[in-house]
Amino acid sequence: MRNQFVINRSLILVCFALFYFFASQALAASLIRGKVVDSKTGNSLPGANVYLEGTHIGAATDMKGNYVINNVPPGAYSMHVTYIGYREKTLQVKLTANEKVTHNIELEKS
């Protein structure tokens with residue numbers, strides 16, 4: 001009976017530790033936003049892809065060329081921007097906890 005109590009207590013402590021870890025990671029998440037436009041005309045590029053290399057994090061631009069990437073963990077990333085008929089652009093992005101950054105991007109036709 002005593003062994004079962006120790007196992008249950010240990011399991012509860014592990015669950016609390018995991019919950020705390022994941023909750024703290026979620027609270028520390030940052031945000032990247034901006035607009036993707038044509039470098040010559042300034043026209044917005046709806047449907048452009050913006051993603052962080054080596055992750056599953058990214059977004060597509062809306063009809064006005066705006067994008068928002070939520071819940072980005074702190075760190076350094078290579079952010080890629082692609083659009084059919086345009087040259088891919090890569091930016092280096094460094095984020096701290098709870099940071100909100102804006103990166104407006106101009107793409108050149110290929």
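Where a number appears in this text, it was derived from the coordinates with a stated rule and is not lab data. Computed from a predicted structure; not experimentally measured. No Cβ is skipped: glycine too gets one built from the backbone with ideal geometry, and neighbour counts run over all protein chains shown.
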Can you give me the long-range amide H partners of His103? Hydrogens built in the peptide plane at 1.01 Å from N, cutoff under 5 Å, separation of 5 or more residues or another chain.
Arg33, Gly34, Lys35
Protection proxy ranking, peptides 82-93, 66-77, average beta carbon neighbours within 10 Å, highest first:
66-77, 82-93
Can you return the lysines within cross-link range of Lys40? Criterion is Cα-Cα under 25 Å, with same-chain partners fewer than 8 residues away left out.
Lys64, Lys89, Lys109
For a bin width of 5 Å, list the pair-distance distribution of segment 35-84 built from all Cα-Cα distances, rounded to whole %.
5, 22, 29, 21, 14, 8, 2
What ranking do 30-38, 95-103 get when scored by the average of other Cβ atoms within 10 Å per residue, highest first?
30-38, 95-103
